[in-house]
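Participant: The structure that follows is given in the form of structure tokens.
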């Protein structure tokens, strides 16, 4: 597996070694030792989540605050999404900046989003099955969010805005200036 750190310190793009033959393919999607060596820190995942969505669904941008903050290792099992992480760490040199990665069932790329980041994704294919590991359990009281179209962050979703399908909850998330602090 190849690990590439993004411009956002602590965020990594993971590209697996895929062994293909006439029967299909094989790949190791997760190995704790390889993962921890690749990102240079110990992260223990405690929960796996999976969602299914249709084209135009934008989920996010979500995060957990304080002692309930979560790191995530995300991937797409089927379909294609634009996956986005926004740095919310108050003392970070890249505070308020984002990284966008194309994840698909075909490229098998994964994205590691550490604690202190808002995370979301937009489904580009007709459908997508999204899978992610979390290093902490969800806590409703510690939930935070950032509006997808915040002008300060200025995410380029590269998708017709009138075709976005966004939950009522995600449509009223605050902008960066008013977002709940991660810690």
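The values are calculated or read from the model by the stated rules, or taken from the named source; none is laboratory data. Computed from a prediction, not measured in an experiment: that's the story for all the values here. Neighbour counts are summed over all protein chains in view; Cβ atoms, including those assigned to glycine, are modelled from backbone coordinates with ideal geometry.
Participant: Looking at the stretch 125-162 only, could you name the residues that are more than 16 Å from the chain's Cα centre (by Cα) and not in a loop (DSSP other than H, G, I, E, B)?
Facilitator: 127, 140, 141, 142, 161, 162
Participant: Evaluate the following for residue 15: is it touching a strand residue (DSSP E or B) at 6+ places or on another chain (Cβ under 7 Å), surrounded by 13 or more Cβ atoms within 10 Å (Cβ to Cβ) and free of Cβ contacts under 8 Å to residues at least 60 places away in the same chain? Explain how you work it out, then say what you get.
Facilitator: Numbers: touching a strand residue (DSSP E or B) at 6+ places or on another chain (Cβ under 7 Å): yes; surrounded by 13 or more Cβ atoms within 10 Å (Cβ to Cβ): yes; free of Cβ contacts under 8 Å to residues at least 60 places away in the same chain: no.
In short, no.
Participant: Within the stretch 159-169, take every residue that is in contact with a strand residue (DSSP E or B) (Cβ under 7 Å, 6 or more places away or on another chain) and within 18 Å of residue 100 (Cβ to Cβ) and give me the one that is surrounded by the most Cβ atoms within 10 Å (Cβ to Cβ). Can you show your working first?
Facilitator: First, the residues of the stretch 159-169 that are in contact with a strand residue (DSSP E or B) (Cβ under 7 Å, 6 or more places away or on another chain): 159, 164-166.
Imposing the further condition that a residue be within 18 Å of residue 100 (Cβ to Cβ) reduces the set to 159, 164, 166.
On the way: 159: 15, 164: 17, 166: 20.
So the residue we want is 166.
Participant: Determine whether the stretch 163-177 contains at least one residue that is in contact (Cβ under 8 Å) with a residue 60 or more places away in the chain and in a strand (DSSP E or B). First the steps, then the outcome.
Facilitator: Our first condition is that a residue be in contact (Cβ under 8 Å) with a residue 60 or more places away in the chain; within the stretch 163-177, this holds for 163-167, 170, 173, 176.
Filter once more, keeping what is in a strand (DSSP E or B): 165.
Scanning the stretch 163-177 turns up at least one residue that is in contact (Cβ under 8 Å) with a residue 60 or more places away in the chain and in a strand (DSSP E or B).
Participant: Conditions first: (1) surrounded by 21 or more Cβ atoms within 10 Å (Cβ to Cβ); (2) closer than 21 Å to residue 13 by Cβ; (3) out of contact with any helix residue (DSSP H, G or I) (no Cβ under 7 Å at 6 or more places or on another chain). Residue 173 passes all but one, so which condition is the exception?
Facilitator: Result: residue 173 fails condition (2) only.
Participant: If residue 37 meets every condition in (1) touching a strand residue (DSSP E or B) at 6+ places or on another chain (Cβ under 8 Å); (2) part of a helix (DSSP H, G or I) apart from one, which number is that one?
Facilitator: The single condition residue 37 does not satisfy is (1).
Participant: Here's something else I'd like to know. Kindly provide the set of residues from the stretch 55-73 that are assigned to a strand (DSSP E or B) and within 23 Å of residue 150 (Cα to Cα), ordered by number.
Facilitator: As a first pass, look at the stretch 55-73 and keep what is assigned to a strand (DSSP E or B): 57-64, 72-73.
Listed by number, the residues that qualify are 57, 58, 59, 60, 61, 62, 63, 64, 72.
Participant: Please state which one of 179, 100 is modelled with pLDDT of 95 or more and under 14 Å from residue 58 (Cα atoms). Working first, answer last.
Facilitator: Details: 179 fails: under 14 Å from residue 58 (Cα atoms).
Every option except 100 fails the conditions.
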